[in-house]
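A quick write-up on the structure given underneath.
The numbers here are math on the coordinates, done by the rules we state, and not lab data. Quick caveat, the model's predicted, so the values are computed rather than measured. Cβ placement follows ideal geometry from the backbone for every residue including glycine, while neighbour counts extend to all protein chains displayed.
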Amino acid sequence: MTKFFKSFLCAIICSFIALGTVHAKPLIVGVDANFRPFEFKNEKGEFTGFDVQLFDAIAKDLGLDYKWQTMDFNGIIPALQSNSIDAAIAGITIKSSREEVVDFSYPYYDAGLVILVREDNDDIKTIDDLKDKKVATKLATTSVDFLKSQNITDVKLFPNTDNLFMELLTGGVDAVFFDSPPLMYYSQNQGKGKVKVVGPLYQGQSYGIAFPQGSELREKFTITILKFKEDGTYAKLYEKWFGAPSK
Ligand code: ARG
């Protein structure tokens, strides 16, 4: 091979490698677009929320290009398992059965589970009062497991959060049992004057960003979450969406 030909070949190979690095394929990020105030479409049709903006800030910090892939919540863990998405953020509670099949970042948000009833309801105050009542919750979530553990059996499951509220307002169920942030948010916004949150917070829920097992992204995201907790980026975002300083 002549010297000229060698360097010509090298130039071609090197530019392919360089192209590959600069134009790396965007990450596909799974999200359920119906979980206010974490991920939803606002009045202008823009996709926004605490999770959406947190993920965006982390990705920018890490110099990662990404694309959202919206799906029902119950499809997220299977999609990670089959590697059809590279990451997911959707208020996903870190729990041991999920940790067996996917990897989670350091927890980025702490919540609980609560009861939501119609404004005029006076007989439901705690989880025990749900025993002989009709309850709605979201498919494949920690609330399904918790209700089962409390022997609450008359449970209607929906893939979509808006359906839970609709079912409660139209009298299809007596209560909704689900994560505290979306229920509080609904009671203070679209559901104001129509519904109320009652009783204590049940079963702490720590949310993590999830990745396929063995993904190198887990550590990178964890480091950035910890950095954002130190440098005020997290506090700013938390105040924007929850109106109170983060703990
Ligand atoms: N935190 C609960 C869970 O992980 C519910 C999450 C629902 N999230 C959503 N985007 N719909 O099971």
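Observations, loosely collected:
- Considering only PRO26, THR233, ASN189, the residue lying farthest towards the positive end of the dipole of the chain is PRO26, judged by Cα position with unit charges set on Cβ.
- Label point of LYS41 set 7 angstrom out along Cα-Cβ; within region 71-103, amide nitrogens under 17 Å from it belong to 71-73.
- Distances between placed amide hydrogens fall under 5 Å for LYS138 paired with PHE158, all partners being 5 or more residues away or on another chain.
- Positive-end residue of ASN83, PHE35, ALA136, charge dipole of region 17-145 with Cβ unit charges: ASN83
- Rg to Rh, two decimals, where the chain supplies the alpha carbon set and Rh follows Kirkwood: 1.10
- Kirkwood-Stokes translational diffusion coefficient of region 111-204, alpha-carbon pairs, 4 °C, 1.567 mPa s, µm²/s: 102
- Under a model in which nothing but the beta-carbon of Lys, Arg (+1) and Asp, Glu (-1) is charged, region 111-204 shows a dipole of about 160 debye around its Cα centre.
- GNM top mover of GLY63, GLY204, GLY30 - the chain, alpha-carbon springs below 10 Å: GLY63
- Between THR170 and ALA24, the modelled labels are 4.7 nm apart [label points 7 Å from Cα along Cα→Cβ].
- Among ASP162, ASP86, ASP128: highest mean-square fluctuation, GNM of the chain, C-alpha pairs under 10 Å: ASP128
- Fewest-first ordering of VAL144, VAL52 by other beta carbons within 10 Å of each residue's beta carbon gives VAL144, VAL52.
- Length released on extending from ASP56 to ASP110, taking residue separation times 0.36 nm less the Cα-Cα span: 17.5 nm
- Rounded to the nearest 20 debye, the dipole magnitude of the chain is 720 debye, with +1 charges on Lys and Arg beta carbons, -1 on Asp and Glu beta carbons, and the Cα centre as origin.
- Of the DSSP H helices in the chain, not one has a Cα length along its own long axis of 30 Å or more together with a mean Kyte-Doolittle hydropathy reaching 1.6.
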